[in-house]
Every structure is written in structure tokens, then in C-alpha cells.
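Quick notes on the structure that follows.
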Amino acid sequence: MTPSPLNMGRRSFVSSAASALTAGLVADDEGGAAQNVNANSRPSDLKITDLRVTHLGPSPEPIGNISLIRIDTNQGIYGLGETYTGSSATYPLFLKSRLLGENPCDVDRLFRKIKQFGGHGRQASGVAGVEMALWDIAGKAYGVPVY
């Protein structure tokens, strides 16, 4: 005998919810779930195709010059990052050859690969800006905020 929804305990509620969810998943798999998949957003197939840097000029604050980093992917998703403290475009562009063809959603592995080129000086700003852009891409690919 199944209890009424008003007298349902936690265990029976979880059991009935799991049954309904499983039935819904099976129905979606048989139905047309593939019709709703956006083929332009397959995070596992993302590849970095380009890295560009533009100089924005001096900041009104005493942090020096600011540059903007843009990393493009093969699916049209791009990520933005910034450099500061008077760093030049040379530092992030130095990392371009190490990032092309990589999956930008694997941020931890890529950061471990490029952090050796950062150090404590102005080069660190380039590495941090690239990492910001990678996190931006990952957030856009999965549809979640990265803050």
C-alpha cells in the first residue's frame, strides 16, 4: 500500500522520486533527447585555435598598463583575460604555442603547463591573464558562472 502524498515519509518520497526520475530518463533516451543537444557546445571537443593580445593603454590607477587577452576556440566560444602592472603583450603571446590545440576546459592541467613561465615579476601577469581567459571559456562552455 502506497502512502498518500500528505503522509509520505522521507524514505518513500525519495524512492518514488527516484523511480519517476529513472522513468523520465529512459523515456527521454528513447524519445528525442538528441534533438535538444546543441552541437556547437561540446566541451570535450573544444580546442584552442588562437590567442590575441591588445594593449588598452595606461590605467588611471597606479597599476600600470593594461592589456586584454582573447583566446578563441574551434566552436566560436572565446574567453577574455587581462594583464596589468605594465606587462607587455610578449608574455601571454609567449604561451600561445603551448596552448594551441589544447582543450581550454582543462584549466588545471594547462595552468600547470604554463605557470613555470610566470614567476613573480611581470611575466606572472601574462600567465594570470591566460588563466582568466581559460576560466571564462570553461564557464561559457558549461553555461555556469565562474565567480
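With a Förster radius of 25 Å applied to the C-beta separation of Leu100 and Leu56, the computed FRET efficiency comes to 0.55. For Gly81, neighbours were defined as the other residues whose beta-carbon sits under 10 Å from its Cβ, and their charges (Lys and Arg +1, Asp and Glu -1) total -2.
Sorted fewest first by neighbouring Cβ atoms within 10 angstrom, Thr49, Thr73, Thr83, Thr54 come out as Thr54, Thr49, Thr73, Thr83.
Only the coordinates and a few stated rules stand behind these numbers; no lab work does. Note that this is a predicted model, so its numbers are computed, not measured. A quick note on method: Cβ atoms are made from the backbone with ideal geometry, for glycine too, and the neighbour counts reach across all protein chains shown.
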